[in-house]
Amino acid sequence: MTSYYDELKLTKSASHEDITASFRRLSLQWHPDRNPDNPKEAEKKFTAICEAFDVLSNPLYRAIFDQHGEKGLKEGVADGRGGIIKGTGKYKFGANGDSHAIFMRVFGTDNPFAELYQVSKEFFDPAYVPPRTSAVTTELLCSLEELAAGGMKLVTVEPPGFGSKEVSIEIKQGWREGSKLTMTAKDILKGEACPKALSSTEFVFIVVELKHSLFKRDGDDLIHNAKIPLVRALTGCTLNLKTLDGREVIVGVNDVISPGFTKVIAGEGMPSFEDPGQRGDLIVKYDVEFPKTVEARQRHLLKTALFLSDNLTPDQDSALKQMRTVFPFD
């Protein structure tokens, strides 16, 4: 398997400037528009070069790749405790834009051969500064149900000088708060003529998770905070929770529930974006509510119950049976 460094014809000691310069040279060489006679090979090579740049130009991804390789970067590294080392297994090419979006971020255009003079200056004039890419940022408001199921969502954006445009966004299962999707002006305008003023404009959609009435998200896990009265904490408790896909999960605890007690239901959390087919857990955290006051007769009954002897006298046994009849409690 070719290393990302080999793909860019670099060594591990390469600086960020070296990485960018090599990407510019090789991506132009293998750009599909420049290789009409062999488009499939060019597209494959172009994509590999863009992925290598996407990893090596990111300090976090580069550090993980240097230490754990491509497998650790994409699949994760076991931490010896049943999980994976934090930060590993998170990378997926395309999450920050496809090859052409990456190319456009660097060059400021998706057609570098339309203005050959400008491209030439970029390589031969040391003082040349490429045009800055402008960005139009839009919040992508998503419920946990949408992020769990995935699907299409219509979002309104405003390209400068074009007014409002509706864009169809594919919500990926497992996307989190802060996940980004980058599109070009051509993606937004959908066949309409793209003015030169917008050619270097990126449209960045940032996921914002909406607050949920039942669950709070922690990575791929879902947390439900359950408030229960003291009597249920001592005598058993059953919760009926509606999942994000509309099913009902019954969570029962027969043991004594102390403050801070948690119960984990494996596989009932969010789907994993990095590892399709895997899901997080549903974690129920119990908060025991104590009564503010206890009357004298309640106090007496509590003491009777908590300090009840294993060996009852006939009178005590008869009184207990009578109390169960007179004071039924479900």
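The values are calculated or read from the model by the stated rules, or taken from the named source; none is laboratory data. This is a predicted model, so every value here is computed, not measured. Neighbour counts run over all protein chains shown; Cβ positions are idealised from the backbone, glycine included.
Collect the residues in the range 274-299 that are under 23 Å from G236 (Cβ atoms) and not charged (D, E, K, R), keeping them in residue-number order.
Those that are under 23 Å from G236 (Cβ atoms) and not charged (D, E, K, R): L282, I283, V284, Y286, V288, F290, P291, V294, Q298.
Return yes when F46 is surrounded by 14 or more Cβ atoms within 10 Å (Cβ to Cβ), under 29 Å from the mean Cα position of the chain (by Cα), at pLDDT below 90 and farther than 22 Å from G174 by Cα and no when it is not.
So F46 does not fit the description; no.
I'm told I206 meets every condition in (1) buried (at least 16 other Cβ atoms within 10 Å of the Cβ); (2) closer than 21 Å to Q173 by Cβ; (3) in contact with a Ser or Thr (Cβ under 7 Å, 6 or more places away or on another chain) except one. Can you identify the failing condition by its number?
(1)
Could you grab me the full set of residues in the range 40-80 that are assigned to a helix (DSSP H, G or I) and of a type in the set (V, I, T)?
Answer for the range 40-80, where residues must be assigned to a helix (DSSP H, G or I) and of a type in the set (V, I, T): T47, I49, V55, I64.
Could you list, in sequence order, the residues of the range 146-161 that are surrounded by 15 or more Cβ atoms within 10 Å (Cβ to Cβ) and not small (G, A, S)?
Selection gives E146, L147, K153, V155, V157, P159.
Between D98, D110, D79, which is loosely packed, with under 13 Cβ neighbours inside 10 Å, of a type in the set (D, E), modelled with pLDDT under 80 and out of contact with any Pro (no Cβ under 7 Å at 6 or more places or on another chain)?
D79
Within the range 49-62, count every residue that is acidic (D, E) and either loosely packed, with under 12 Cβ neighbours inside 10 Å or in contact (Cβ under 8 Å) with a residue 60 or more places away in the chain (or both).
Count: 0.
Among the residues of the range 285-321, which ones are part of a helix (DSSP H, G or I) and closer than 23 Å to D255 by Cα?
Of everything in the range 285-321, those that are part of a helix (DSSP H, G or I) and closer than 23 Å to D255 by Cα turn out to be Q298, R299, L301, L302, K303, T304, A305, L306, L320.
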